[in-house]
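Worksheet: one structure, shown below.
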Amino acid sequence: MRKLIYADHAATTALSPLARSAMEPWLQAEFGNPSTLYSLAREPRKAILSSREIIADCIGAEPEEIYFTSGGTESDNWALTGIALQYPERHGQIITSSIEHHAVLHTCNFLQRLGYSVDFLPVDQYGVVSVDDLEKKINDNSLLVSIMLANNEIGTIQPIEELAGMAHRHGCCFHTDAVQAVGHIPIDVKKMQVDMLSASAHKFNGPKGIGFLYIRNGVHIEPLLHGGGQENGMRAGTENVASIVGMAAAIREHNEHLELEMEYLQSLSDILIKELSNAGLDYIENGSKNRVPGSLSLSFKDTDGEMLLHRLDLMGTEVATGSACNSKESELSHVIQAIHVPDDYAKGTIRITLGMDNDKEQMRHLAQQISRILQR
Ligand code: PLP
């Protein structure tokens, strides 16, 4: 029997064996609470310290700029709400894009209800935010610009350095949701000039329920979780030591082979695209040329993406229609709407996101499965 083809790595990834074995000691033998004063706390404390250093090193940050969170959603919520609460008297403006993940968009809606004003920048047909559009909206009352580094549905990578530069020229803080980018493309927070960056371990073969928020030294935001003094008093709660260690092992593993991984994933998507084109299928490849390698959003003409997903599932292949987080909604995703995919293609959109566990043979098989379904 053919093995499952898992092609939904933007939804989540399997825990890497290396991360799993790194986590093992902290689940049982070394169970001590890092905040306690006796010797059982010493090793967990050291493990957190060294994980912070590893993660900082992978993104060009300082260790004290890394704050552990429960994942991408918390990091995004904290970055936006933390800045808003830092300057409550200004009730200022927040600028974001129309294609952000709901962790950002819904937090913006929440802040609007608290009286903050939010502007949602449009994107072009490739899903790219324009620096000129940002310049038109930004003003002296702008508190924060939050633009994602890589989109979770179409993989488009934004010109973060230019956007952050524009924000800074107006004395405004810049956050990027890098959940789909960390562990997949090179990240250098200094080069990108970002003030805050969100990441989530389960998107790069780390455990679920753990992530981090990078906060540049000198940037002040309000904590959201109050209690103990963990994370330098910025995020209360006993640390998830095993997951923190697993996240560090996973990010380092990807970083050590990043160039090769990117090349490999690009070669896989090239094969898939070639096979689909050879089969004579009518489809649009969404997103910009500058995309996360292995990330494909394809809109097939006059078909239904959800039907395609279920038929592929029956054949043992897992893909997504929009993002996993809104997969219960059957209307067009906000990203597909924002990039104006033509009506006769939009409903037939599927997202294929590849990982290092995929191979060339699977790409040929997946193309055959798709053409078999669509030509029936
Ligand atoms: N931001 C983006 C771009 C995402 O793709 C996701 C998850 O799909 C999140 C945030 C939320 O991350 P988490 O699942 O760790 O809460």
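The values are calculated or read from the model by the stated rules, or taken from the named source; none is laboratory data. No experiment lies behind these values; they were computed from the predicted model shown. Positions of Cβ are generated from backbone atoms using ideal geometry, with glycine treated the same way; all protein chains shown enter the neighbour counts.
Name every residue in the stretch 165-218 that is farther than 14 Å from Ala61 by Cβ and of a type in the set (S, T, N, Q), in order of residue number. Answer for the stretch 165-218, where residues must be farther than 14 Å from Ala61 by Cβ and of a type in the set (S, T, N, Q): Gln180, Ser200, Asn205. Restricting to the stretch 129-159, count the residues that are in contact (Cβ under 8 Å) with a residue 24 or more places away in the chain, in contact with a strand residue (DSSP E or B) (Cβ under 8 Å, 6 or more places away or on another chain), assigned to a loop (DSSP other than H, G, I, E, B) and more than 16 Å from the ligand (Cβ to nearest atom). Total meeting the criteria: 3. Within the stretch 83-102, the set of residues being small (Gly, Ala, Ser) and crowded, with 23+ Cβ neighbours inside 10 Å comprises Ala84, Ser97. Among the residues of the stretch 319-331, is there at least one that is within 16 Å of the ligand (Cβ to nearest atom) and among the β-branched types (Val, Ile, Thr)? So far as the stretch 319-331 goes, yes, one or more of its residues are within 16 Å of the ligand (Cβ to nearest atom) and among the β-branched types (Val, Ile, Thr). Tallying residues that are surrounded by 18 or more Cβ atoms within 10 Å (Cβ to Cβ) and either in a loop (DSSP other than H, G, I, E, B) or within 15 Å of the ligand (Cβ to nearest atom) (or both) within the stretch 2-14 yields 6.
If the condition is being surrounded by fewer than 24 Cβ atoms within 10 Å (Cβ to Cβ) and either near the ligand (Cβ under 10 Å from one of its atoms) or among the hydroxyl-bearing types (Ser, Thr, Tyr) (or both), then the stretch 170-216 contributes His202, Lys208, Gly209. Screening the stretch 73-116 for residues that are within 12 Å of the ligand (Cβ to nearest atom) and of a type in the set (Asp, Glu) and picking the one that is nearest to Met148 (Cα to Cα) gives Glu100. The set of residues in the stretch 64-81 that are surrounded by 24 or more Cβ atoms within 10 Å (Cβ to Cβ) and assigned to a helix (DSSP H, G or I) comprises Gly72, Ser75, Asp76, Trp78, Ala79, Leu80. Report whether or not Ile221 is in contact with a helix residue (DSSP H, G or I) (Cβ under 6 Å, 6 or more places away or on another chain), in a loop (DSSP other than H, G, I, E, B) and away from the ligand (no atom under 13 Å from the Cβ). Answer is yes for this residue. Taken over the stretch 87-125, the criterion of being assigned to a strand (DSSP E or B) and under 21 Å from Ser198 (Cα atoms) is satisfied by Gln93, Ile94, Ile95, Thr96, Ser97, Val118, Asp119, Phe120, Leu121. Considered as a group, the residues in the stretch 39-63 that are among the hydroxyl-bearing types (Ser, Thr, Tyr) and at pLDDT 95 or above include one that is surrounded by the most Cβ atoms within 10 Å (Cβ to Cβ), and that residue is Ser51. State whether one or more residues within the stretch 28-47 are assigned to a helix (DSSP H, G or I) and touching a Lys or Arg at 6+ places or on another chain (Cβ under 9 Å). So far as the stretch 28-47 goes, no, none of its residues is assigned to a helix (DSSP H, G or I) and touching a Lys or Arg at 6+ places or on another chain (Cβ under 9 Å). Residues in the stretch 224-264 that are assigned to a loop (DSSP other than H, G, I, E, B) and either among the small types (Gly, Ala, Ser) or out of contact with any Phe, Trp or Tyr (no Cβ under 8 Å at 6 or more places or on another chain) (or both): Leu225, His226, Gly227, Gly228, Gly229, Ala236, Gly237, Thr238, His257.
Taking Gly171, is it under 22 Å from Glu222 (Cα atoms) and not assigned by TED's automatic domain parsing to the domain that holds Arg291? Spelling it out, Gly171 is indeed under 22 Å from Glu222 (Cα atoms) and not assigned by TED's automatic domain parsing to the domain that holds Arg291.
With the structure loaded, tell me whether Glu318 is within 29 Å of Leu15 (Cβ to Cβ), within 20 Å of the chain's Cα centre (by Cα) and of a type outside the set (Ser, Thr, Tyr) or whether it fails that test.
Yes: the conditions hold for Glu318.
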